[in-house]
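Notes follow the structure.
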Amino acid sequence: MARALITIPPNPKRNSIIEIRVLIQHPMETGLRPDAEGKVQPRNIIRRFECRFIVGDKSDLIFSAELFPAISANPYIAFHLRATQNGTLNFQWTGDNGFAQTETAALVVV
Amino acid sequence: MNGYVKNVVATIALGTILLNVHAAEKRKSGYDIMSPSTQALQNDDSQNPAMLWVKDGEALWNRAAGEAKKSCATCHSGAVKSMRGVAARYPAFEPKSKRPINLQQRINLCQKNYQRAEPFSAESSELLSIESYVAMQSRGLPIAPPRDARLTASRERGQQFFQQRIGQLDLSCADCHDNHAGKKLGSATIPEAHPTAYPLYRLEWQSVGSLQRRLRNCMSGVRAEPYTFGAQEFIELELYMTLRAAGMRIETPGVRP
Amino acid sequence: MKMYEYRFRRRQLLVSSVGLIGYAIVRPVFSAPVTLDAALAEFSRGGKVTTGKVKFEIAELIDNGNAVPITVSVDSPMTEANHVVAIAVFNEKNPQREMIKTKLSPLAGRAQLSTRIRLATSQKLTAIAEMNDGSFFSHTVEVVVTLAACIEE
């Protein structure tokens with residue numbers, strides 16, 4: 001499993017807007033680069049990222065991104081969320097060669 | 001020169017360098033000459049891609065391995081306390097083999113002798129991760145080369161190598177990094193070559209790499225045959241480079257273009 | 001991780017020796033399938049794109065094209081009635097026009113995206129935002145990309 005780093009401000013104030021930062025280990029091989037022998041290496045990228053906010057049975061899609069080979073290796077994405085209530089943040093990355101990873105983080109507002 | 005005299009000379013030489021360091025810090029880390037947007041990546045752990053390797057290293061630190069089924073933490077407990085300052089004094093003299101070793105070799109020796117595990121291979125993700133995690137515990141501390149007379153001869157050889165012209169381009173390390181540091185090579189500013197931030201994430205590598213990867217890169221750049229990873233010549237060069245950078249702050253995990 | 005192997009080809013030697021001018025030679029030449037304008041028109045489904053509301057933050061001078069931090073923010077209250085539904089970034093001269101396409105919910109609270117992009121060369125970049133009323137706004141920037149002289153091939 002790839003290493004992922006998720007940064008959320010600890011205990012944000014209710015209804016404040018917080019920045020969520022995610023970083024994941026991935027080569028984001030473009031499919032355009034030749035190796036030392038001049039042979040083009042096949043594309044291997046993360047194609048999609050999404051973040052959901054889950055409270056009980058309710059799951060809201062907050063933010064999603066379609067990634068292309070122009071996104072740097074070890075993709076970093078930052079976006080925002082209005083911290084209205086306690087819940088679980090669910091992060092999902094999917095990509096070439098069956099790449100799939102899910103991470104979760106608790107959101108606790110004060 | 002007998003051993004005692006050599007020892008005294010070495011101590012004076014080291015003392016002089018350290019004195020100069022404290023007089024006025026004019027040396028520049030690679031960090032000081034890179035663009036603000038690249039600096040920003042190093043400034044903030046939540047944006048620094050090298051932190052992915054650090055996190056891996058933290059997991060490895062606590063993972064039992066080898067026939068002894070010991071983790072690093074079994075002997076050293078928490079790295080935050082026990083590893084503080086360790087990276088600052090490597091390479092150091094290893095009494096059993098009677099030669100200087102760098103931090104990677106120290107890690108691999110621990111694995112072999114105490115964990116009884118297969119050492120990590122050169123430039124492997126695991127080795128870079130654990131080295132990053134250990135070295136990060138010294139972040140902010142000054143590089144503190146040991147005042148150990150047993151290192152003197154190796155240091156001197158390292159200095160000779162630094163000044164020795166090599167390769168088809170007939171350039172020494174000193175030609176670029178002492179005599180032309182701060183000037184431009186293409187669009188890039190030539191750095192002073194202080195190993196303050198290794199292992200580090202190079203945007204060009206799109207990955208974390210070791211000082212020796214950078215040294216090999218430099219050697220092939222001047223069209224010389226690079227030494228293999230772990231070569232004694234590299235350890236000696238590291239010894240000289242850390243002396244040259246003595247007192248500068250450790251930045252690991254660094255980011256460079 | 002595979003250990004790096006040093007293999008020299010005549011062309012790489014040449015390229016390294018001449019530095020920046022030669023850098024492009026080792027890169028394969030791609031015929032760009034569409035122009036930046038065409039890519040933007042496709043994104044806006046032919047609708048009018050107005051300059052404004054979008055702010056594209058990026059360094060003007062870039063010393064390494066492998067990871068260039070960008071931030072795109074859009075002036076919007078992000079309410080149910082008035083919010084940004086999508087932000088995308090396109091380029092003029094990379095092998096492919098698309099870089100990232102995002103979708104936002106009003107729950108995001110702020111229409112802002114940060115990421116790191118690859119830039120093959122100096123060029124124009126456009127950030128475009130789609131509002132929930134179907135209107136489109138954009139901001140185009142021009143950047144200069146220089147590359148390190150000591151590159152590891």
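The values are calculated or read from the model by the stated rules, or taken from the named source; none is laboratory data. Given the structure is predicted, the values throughout are model-derived calculations rather than measurements. With ideal geometry, Cβ positions are generated from the backbone for all residues, glycine too; neighbour counts draw on all protein chains shown.
Here are the numbers for this structure:
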{"quantity": "Complete set of residues in segment A:52-83 that are at the interface with chain C (Cβ under 9 Å from one of its Cβ atoms), within 15 Å of the chain's Cα centre (by Cα) and not aliphatic (A, V, I, L, M)", "calculated": "A:Phe53, A:Phe63, A:Ser64, A:Glu66, A:Phe68, A:Ser72, A:Asn74, A:Pro75, A:Tyr76, A:Phe79, A:His80"}
{"quantity": "Residue match in segment A:8-16 (condition: within 11 Å of another protein chain (Cβ to nearest Cβ), among the aliphatic types (A, V, I, L, M), surrounded by 13 or more Cβ atoms within 10 Å (Cβ to Cβ) and out of contact with any helix residue (DSSP H, G or I) (no Cβ under 9 Å at 6 or more places or on another chain))", "calculated": "yes"}
{"quantity": "Some residue of segment B:84-94 being at pLDDT 95 or above, in contact with an Asp or Glu (Cβ under 7 Å, 6 or more places away or on another chain), away from every other protein chain (no Cβ under 14 Å) and over 18 Å from B:Ala245 (Cα atoms)", "calculated": "yes"}
{"quantity": "Among (1) closer than 22 Å to B:Leu239 by Cβ; (2) modelled with pLDDT of 55 or more - the single one B:Thr38 does not satisfy", "calculated": "(1)"}
{"quantity": "Meets criteria (surrounded by fewer than 22 Cβ atoms within 10 Å (Cβ to Cβ), away from chain B (no Cβ under 14 Å), assigned to a loop (DSSP other than H, G, I, E, B) and out of contact with any Phe, Trp or Tyr (no Cβ under 7 Å at 6 or more places or on another chain)) for C:Ala81", "calculated": "yes"}
{"quantity": "Among the residues listed as C:Gly134, C:Gly109, the single one being over 20 Å from C:Asn91 (Cβ atoms) and buried (at least 19 other Cβ atoms within 10 Å of the Cβ)", "calculated": "C:Gly109"}
{"quantity": "Residue under evaluation B:Thr228, criteria (1) of a type in the set (S, T, N, Q); (2) in a loop (DSSP other than H, G, I, E, B); (3) more than 30 Å from A:Arg3 (Cα to Cα), criterion not met", "calculated": "(3)"}
{"quantity": "Any hit, segment A:84-94, residues being without any contact (Cβ under 8 Å) to a residue 12 or more places away in the chain, more than 7 Å from every other protein chain (Cβ to nearest Cβ) and closer than 21 Å to A:Thr30 by Cα", "calculated": "no"}
{"quantity": "Residues (at the interface with chain C (Cβ under 10 Å from one of its Cβ atoms) and over 25 Å from B:Asp44 (Cβ atoms)) located in segment A:17-34", "calculated": "A:Thr30, A:Gly31, A:Leu32, A:Arg33, A:Pro34"}
{"quantity": "Failed condition for C:Thr121, given (1) closer than 13 Å to C:Val74 by Cα; (2) assigned to a loop (DSSP other than H, G, I, E, B)", "calculated": "(1)"}
